[in-house]
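Student: I'd like to ask you about the structure that follows.
None of the figures in this text is laboratory data; all of them are computed from the coordinates on show. Everything quoted here is computed from the prediction, not taken from an experiment. No Cβ is skipped: glycine too gets one built from the backbone with ideal geometry, and neighbour counts run over all protein chains shown.
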Amino acid sequence: MGISRRNFCKTVAGSAASVAVLATMPGKLLANWNSKSFAADKLDDAIAARYGALPIEESTAIQIKAPEIAENGAFVPVTVGTTIPGATNISIFTPANFSPMVASFDILPRMKPEVSLRMRMAKTANLVVIVQAGGKLYRTVREVKVTIGGCGG
């Protein structure tokens, strides 16, 4: 026995009404968006908008897995992990992009502090990764060369 036309119409009408209501309150449904850090056009401004004035120290406990040479800057695979205890956030920046902040991930206590993504890189540049842990910031940097059409650049 299938669904009746009346029940189908009630379901569709209810769904449409739900979508209309949800569309009026996107701020309550979407992830916390730090518009200032994503809108910044300089690396230091993006970092300050995300983390404030916390001092940053260099760390070898952050691992960046990315190609040394990316043949296509539109799809650069990147994996970032850390062994820093108590990591609560991982953010990825690249100063050569129009907006240096690429992504920021909040890490919950029971999560493995490792993230993967494919990112766009405008040109050869450093990847700057900042990890927040215990009220402190840690950074590591790695260069990724982006070739033009796979022919060097």
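Student: Kindly provide the set of residues from the stretch 89-127 that are among the basic types (Lys, Arg) and either in contact with a Gly (Cβ under 6 Å, 6 or more places away or on another chain) or in a strand (DSSP E or B) (or both), ordered by number. Write out each step before concluding.
Tutor: Taking the stretch 89-127 and keeping what is among the basic types (Lys, Arg), we get 110, 112, 118, 120, 123.
Matches in the stretch 89-127: ARG118 only.
Student: Residue by residue through the stretch 82-129, note down the ones that are within 19 Å of ASP44 (Cβ to Cβ) and touching an Asp or Glu at 6+ places or on another chain (Cβ under 8 Å).
Tutor: ASN89, PHE98, SER99, PRO100, ALA125, ASN126, LEU127
Student: Say we look at the stretch 103-121 and pick out the residues that are of a type in the set (A, V, I, L, M) and farther than 13 Å from GLY86 by Cα; which of these is surrounded by the most Cβ atoms within 10 Å (Cβ to Cβ)?
Tutor: The extreme case among them is MET121.
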